[in-house]
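Working notes, beginning with the structure itself.
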Amino acid sequence: MSEIKVNKISPRAACGTVTLGDSGDTFTIPAGATITNSGTANGFGATGAVNWQTTVKTSGFTATAGEGYFVNTTSGPITINLPAGTAGDVVGFKDYAGTFDTNAVTLDLNGSDKAGGSTDNPILGVEGVAVTLVFVDSTQGWLVTDSGLQSDAPGPEFITATGGTITTSGDFKIHKFTGPGTFSVTSGGNAGGSNTVSYLVVAGAGGGGAEHGGGGGAGGFRESKAATDSYTASPLNATSGPTYNLPVAAQDYPITVGGGGAGGAAPNFPGVPGADGNPSVFSTITSTKGGYGTGGNPNPTGNPGGSGGGGSGNAAASRAGGSGNTPPVSPPQGNDGGDGNPANNGGGGGGGGATAAGGNATPGSPAVAGAGGAGATTSITASPVAYGGGGGGGSQGGTGGTAGTGGGGAGAPGTGTGTAGTANTGGGAGGGGSCYGNGGAGGSGVVIIRYKFQ
């Protein structure tokens, strides 16, 4: 194969034409080679592509075949003269500022040329539109081969919503519901921005039992931190399965915040159990109510729930604590309540907490009542807060059970009334002491939703 090496090829006559090869010949451009066009390229438009010009057009002009233009009509409508059409010519236009809907572009046909078979000048009047036109022949003229909107290639979009008490932490919005409400999503966002939420759903806690009663169980605790989030979550954070990376859509999500259960009353011996708390709900997430603490001689064991209530202490028989994480979910939403002690001057068991079971009453005369189970700490609100502590058991004549961290109430010694659980923490209530000591009321729950908004 022969090779010619020159720096420039010019026609023999001034302003002449140089022809490479003959009809049917093939010219190969090797890999790595670059062809630079510093003039006008003709006959290359049949591929349907254009060379996009990055100098934005803000007034009327005449388009050149093979070029595409970004057109800004912010200041008013613009007329663009199309070139005289030759088969294979291509032109393109893009709405630069999203204003074609208010200030349209008119494409002025050259002479007798047509567009889509009509001699009427085309109008580009759709916001954000981009069009590519190819000149086919004298019958149809310019035909649109490609068109689209900027929404066909969206950038990052973020969740927008209302409802509850809203605070901001960096790039995240936090919606806190301390009572019933609606999380109203107006935009579900996309994966490039955000389309999933972090959440904390805590149910209302159980009330404490009367008469050396068991502590109330904490309300069920359920949390999951979205993949796009960065706060420090609790040990119960769900990181897989259908409850993780929970998506939201543009719709209303009713919010249920469970109230705490009433404490058991003791107008005369024997005392009665407290009442169960109530569930909290957001989307597909339901946290189960906290189980009540039992009280007095004839009452059953502590009730099951998100966390179980503690059993009572009395002279006849010990009363077992109720089971936690009932119904079961993963990660677990709570723990079992502690057992009461059967001795004279007995003590009640502690209510279960989000991360620990309620303590059993210590044997003795007088007995030491069981401590409430520990709750879970999360920084979903941008600072660490503990939720879901169990209530301490009440003691007939000894020491009341300590409260579980996370809003639990302390159990009463002697004749006292159990301490109520803290509102909006799902903290279980303390059990009542002897001699008609009443149980405390369980703490109400809370729902917190967090998402990236920018």
Rounded to the nearest 20 debye, what is the charge dipole size of the chain about its Cα centre when +1 sits on each Lys and Arg Cβ and -1 on each Asp and Glu Cβ? 1360 debye
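What's the extension gain from Ile166 to Ser383 if we count 0.36 nm per residue and subtract their Cα-Cα distance? All intermediate terms of the calculation are to be shown ahead of the outcome.
Numbers: separation 217, 0.36 × 217 = 78.12 nm, distance 1.49 nm.
76.6 nm is the gain from fully extending Ile166 to Ser383.
Which whole-number percent of Cα pairs in the stretch 46-152 have a distance greater than 15 Å? Walk me through the numbers on the way to the answer.
Values: 3302 of 5671 pairs.
In whole percent, the share of Cα-Cα pairs in the stretch 46-152 beyond 15 Å is 58.
Determine, from the Cβ-Cβ distance of Asp108 and Ser330 and an R0 of 56 Å, the FRET efficiency 1/(1 + (r/R0)^6), rounded to the nearest 0.05. It would help to have the intermediate numbers written out before the result.
Numbers: r = 68 Å, r/R0 = 1.21.
It comes to 0.25.
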Total charge dipole magnitude, the stretch 46-152, about the Cα centre, Cβ charges on Lys, Arg, Asp, Glu only, Debye to nearest 20: 160 debye
Do you know the relative contact order of the stretch 46-152, to the nearest whole percent, from alpha carbon pairs under 8 angstrom that are 6+ apart? 24 percent
Round to a whole angstrom and tell me the spacing of the C-alpha centers of the stretch 207-273 and the stretch 388-435. 18 Å
Using the Karplus equation 6.51 cos²θ - 1.76 cosθ + 1.60 (θ = phi - 60°), what ³J(HN,Hα) coupling, rounded to whole Hz, does each residue of the stretch 123-133 give in order, writing x for Gly and Pro? 10, 9, x, 9, 4, x, 5, 10, 9, 10, 10
In straight Cα distance, which aspartates and glutamates are under 18 Å from Lys176, not counting same-chain residues fewer than 8 positions off? Glu223, Asp229, Asp252
Length-normalised contact order of the stretch 154-454 in % [C-alpha pairs under 8 Å, at least 6 apart]: 22 percent
Pull up the cross-link candidates among the aspartates and glutamates for Lys114, meaning alpha carbon to alpha carbon under 15 Å and not fewer than 8 places away within one chain. Asp89, Asp137
Can you classify the stretch 384-429 as rounded, prolate or oblate using the Cα gyration tensor, where a ≥ b ≥ c are the square roots of its eigenvalues, rounded means a/c under 1.5, and otherwise it's prolate if a/b beats b/c and oblate if not? prolate
Cα-Cα pairs of the stretch 412-454 separated by more than 15 Å (percent): 52 percent
To the nearest 0.05, the calculated FRET efficiency linking Ile4 and Ala49 through their beta-carbon distance, R0 being 45 Å, is 0.90
Quarter of the surface of the C-alpha convex hull for the chain, i.e. direction-averaged projected area in nm², equals 33.7 nm²
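Only the coordinates and a few stated rules stand behind these numbers; no lab work does. The structure presented is a predicted model; accordingly, all values stated were derived computationally and were not measured. Using ideal geometry, Cβ is built from the backbone for each residue, glycine included, and neighbour counts are taken over all protein chains shown.
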